[in-house]
Amino acid sequence: MGRPEKIRLGEILVQQKLLTEEQLKSSLDEQKKTGRRLGRVFIELGFITEEQISKALARQLGADYIDLKQYNIRRDVVAKLPETQARRFRAMVLEDRGSAWLVGMADPTDLTAYDDIVRVLKRDIELAVVTETELLRAIDRSYRRTEEISGLAQELQAEMGDSNAVDFGVLATTPGLEEAPVVKLLQTVFEDATQARASDIHIEPQERRLQIRFRIDGVLHLQTEADSKIASAVVLRLKLMSGLDIAEKRMPQDGRFNVKVRGAAIDVRISTMPTQYGESIVMRLLNQGGGLLGLDSIGMPAQMLDKVREVIQRPSGMVLVTGPTGSGKTTTLYAALNELNTTERKIITVEDPVEYRLPGINQVQVNDKIELTFDRVLRSALRQDPDVVLVGEMRDEQTVETGLRAAMTGHMVFSTLHTNDAVSTPVRLLDMGAPRYMVALSLQLVIAQRLVRVVCDNCAEEYVPLPGEHEWLKSELGDAVDSHRYRHGRGCSYCNNTGFVGRTGVYEMLEMTRPVVEAANRDDLGRLMKVAREQIGRATLRHHAAGLAASGRTSPDEAMRVSSQLE
């Protein structure tokens, strides 16, 4: 289709019997009061969906309606229209059709935007209609900043010349600092990491290059490489932002700072470490506006979820969540705290650092530099008359004993521990010096967990497991292995060609039943392990991972990857 004619959205929807005259009139009245666009008013009043509006416009204009969730977007084609203009025009180039570009627009009746797009692309365009929500998501996914980051890194290198020294005393007091190449480079890196859903940014100096990698859904991906000369400028700027000692290059340092990326507040935890070719930096990104997950949303099996809910409502006891770093332990604990956070309960957390901020909860960050340790803060917290206490980690014998004693004296205590599975957790507590009677009386529940990547629904396809994968699945699923339909993601623009979008939890649970408690009271660790394994039965981490593969939530190779960490 060519240049569209000016049309009235309300009249079209009434003609197509998607709206009534009364709904249109009330929407127009609401629009006069609020000034919002009429289409948005229809949606907010619940009269019609965004997809219905887009399809109605497509029918009226004789154009295609494209569901961007199902469309394989090519970044080289999308880049024909710069990101700023794509956002302003609410448009995206989708396909090169030789004599014309196929352009998806959220509002194809915007004639000014249409004319501007033709002028920018210098070629005729064919319009397709897309929903604004999916368009903005596609823009966030597609306009990655790789080339811009490389260009800014080169600009910074050119500014530094042959010197590796950076005068940050001057840089920190220079007017217009936001225009400095190092600042623009870091701002772009943060924006790109946020768009890519990265949880961590790794900045690693190598012999001849500076490597920047993002951890997305638990897996590291190379973002860009730059000249190693800019490493000192990047490191020093980050140290200034986080209040670290810029003169100290021989010792590791930890800090934190906040940045705003597209209006969202990001809490950044930074760790520096001296390496052979300079200081390596890892930054953990915590989106403070992202909201907490509820226990219903973390992927816990229904039967386990019921038991967890029952236990956390008890007046006292200890619940431990175990697993390696980055396995979602804190998310699980805060999901539990979120359910318990009422005006009738006083909740205190002792953390290093405070990862989530939850209204109504008293949160304390430990500081080893001033001897504000887990044990000291926990002992002080117990004098504050709490009902529920969260201890970030059971790191040493003193913290373990204080936590177990608190659980015996009328407090519900949550904490984490680094063990491989649920079975070995009581044994680990005993190894740390906890008295047997305390472990037996105080420990109520152990949850072991990992995170497994979820297959991208946009590019998911049926998958026949390889022989090795089939054997592994059979060991967990038995004869039912061939009755399931497995999936994997082939990779698309929606998932950054990884085949996965997001992660979900894989769990196993050890309840301290009477047989387990009796075994914990005996001086026989082998017996304790045996009884604990019998109590868990087949409901292990491996079995849960295999079940997710059987349901198509994850792929067989991803289930095997996570399970291999348990061996």
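Filtering region 297-316 for residues that are open to solvent by less than 60 Å² (accessible area, probe 1.4 Å), part of a strand (DSSP E or B) and on the phi < 0 side of the Ramachandran plot leaves an empty set. The condition of being among the charged types (D, E, K, R) and within 16 Å of Leu337 (Cβ to Cβ) holds for Glu393. For region 442-471, a residue qualifies if it is in a helix (DSSP H, G or I) and either touching a Phe, Trp or Tyr at 6+ places or on another chain (Cβ under 7 Å) or surrounded by fewer than 22 Cβ atoms within 10 Å (Cβ to Cβ) (or both), and the qualifying residues are Pro467, Gly468, Glu469, His470, Glu471. Within region 371-385, identify whether any single residue is buried (at least 21 other Cβ atoms within 10 Å of the Cβ), in a helix (DSSP H, G or I), in contact with a helix residue (DSSP H, G or I) (Cβ under 7 Å, 6 or more places away or on another chain) and among the small types (Gly, Ala, Ser), and answer yes or no. Checking region 371-385: not a single residue is buried (at least 21 other Cβ atoms within 10 Å of the Cβ), in a helix (DSSP H, G or I), in contact with a helix residue (DSSP H, G or I) (Cβ under 7 Å, 6 or more places away or on another chain) and among the small types (Gly, Ala, Ser).
Residues in region 222-232 that are part of a strand (DSSP E or B) and either under 15 Å from Leu186 (Cα atoms) or in contact (Cβ under 8 Å) with a residue 40 or more places away in the chain (or both): Gln223, Thr224, Glu225, Ala226, Asp227. Annotation note: Cβ proximity below 7 Å between a residue of region 102-116 that is within 18 Å of Ile139 (Cα to Cα) and outside any helix (DSSP H, G or I) and a residue that is modelled with pLDDT of 90 or more and polar (S, T, N, Q) (sequence gap 6+ or interchain) occurs for Ala106/Thr131.
On the given criteria, is Val413 under 14 Å from Asp375 (Cα atoms), out of contact with any strand residue (DSSP E or B) (no Cβ under 7 Å at 6 or more places or on another chain) and crowded, with 21+ Cβ neighbours inside 10 Å? So Val413 does not fit the description; no.
Of all residues in region 74-105, those that are open to solvent by 20 Å² or more (accessible area, probe 1.4 Å) and under 29 Å from the mean Cα position of the chain (by Cα) total 11. When Val14 is tested against (1) hydrophobic (A, V, I, L, M, F, W, C); (2) within 15 Å of Thr131 (Cβ to Cβ); (3) without any contact (Cβ under 8 Å) to a residue 12 or more places away in the chain, only condition (2) is not met. Taking the criterion of being open to solvent by 70 Å² or more (accessible area, probe 1.4 Å) and either among the acidic types (Asp, Glu) or assigned to a helix (DSSP H, G or I) (or both), the residues of region 41-59 that qualify are Glu44, Glu51, Gln52, Lys55, Arg59. When Glu393 is tested against (1) open to solvent by 20 Å² or more (accessible area, probe 1.4 Å); (2) within 33 Å of the chain's Cα centre (by Cα); (3) touching a residue at least 60 places away in the same chain (Cβ under 8 Å), only condition (3) is not met. Just so you know, in region 106-124 the residues that are open to solvent by less than 10 Å² (accessible area, probe 1.4 Å) and modelled with pLDDT under 90 include one that is nearest to Pro82 (Cα to Cα), and it is Ala113. Please indicate, with yes or no, whether at least one residue in region 291-302 is out of contact with any strand residue (DSSP E or B) (no Cβ under 8 Å at 6 or more places or on another chain), over 29 Å from Asp387 (Cβ atoms) and of a type in the set (A, V, I, L, M). Among the residues of region 291-302, not one is out of contact with any strand residue (DSSP E or B) (no Cβ under 8 Å at 6 or more places or on another chain), over 29 Å from Asp387 (Cβ atoms) and of a type in the set (A, V, I, L, M), which makes the answer no.
Which of the residues spanning region 242-281 are touching a residue at least 12 places away in the same chain (Cβ under 8 Å), open to solvent by 50 Å² or more (accessible area, probe 1.4 Å) and hydrophobic (A, V, I, L, M, F, W, C)? Passing the criteria: Ile246, Met251, Met273. Applying the set (1) within 31 Å of the chain's Cα centre (by Cα); (2) surrounded by fewer than 17 Cβ atoms within 10 Å (Cβ to Cβ) to Gly62 leaves exactly one unmet item: (1). Here Gly403 meets the list (1) of a type outside the set (A, V, I, L, M, F, W, C); (2) under 21 Å from Gln535 (Cβ atoms); (3) open to solvent by less than 20 Å² (accessible area, probe 1.4 Å) almost entirely, failing just condition (2).
The residues of region 125-144 that are open to solvent by 40 Å² or more (accessible area, probe 1.4 Å) and without any contact (Cβ under 8 Å) to a residue 60 or more places away in the chain, listed by number, are Leu136, Asp140. Hey, any hits in region 523-541 for a residue that's touching a residue at least 12 places away in the same chain (Cβ under 8 Å), of a type in the set (Lys, Arg) and closer than 17 Å to Thr425 by Cβ? The answer is yes; a qualifying residue exists.
The values are calculated or read from the model by the stated rules, or taken from the named source; none is laboratory data. Note that the structure is a prediction, hence the values are computed from the model and not measured. Cβ sites come from the backbone with ideal geometry, for glycine too, and all protein chains shown count toward neighbours. Surface accessibility is based on the protein's heavy atoms, side chains included, excluding ligands, DNA and RNA. Shrake-Rupley method; radii C 1.70, N 1.55, O 1.52, S 1.80 Å.
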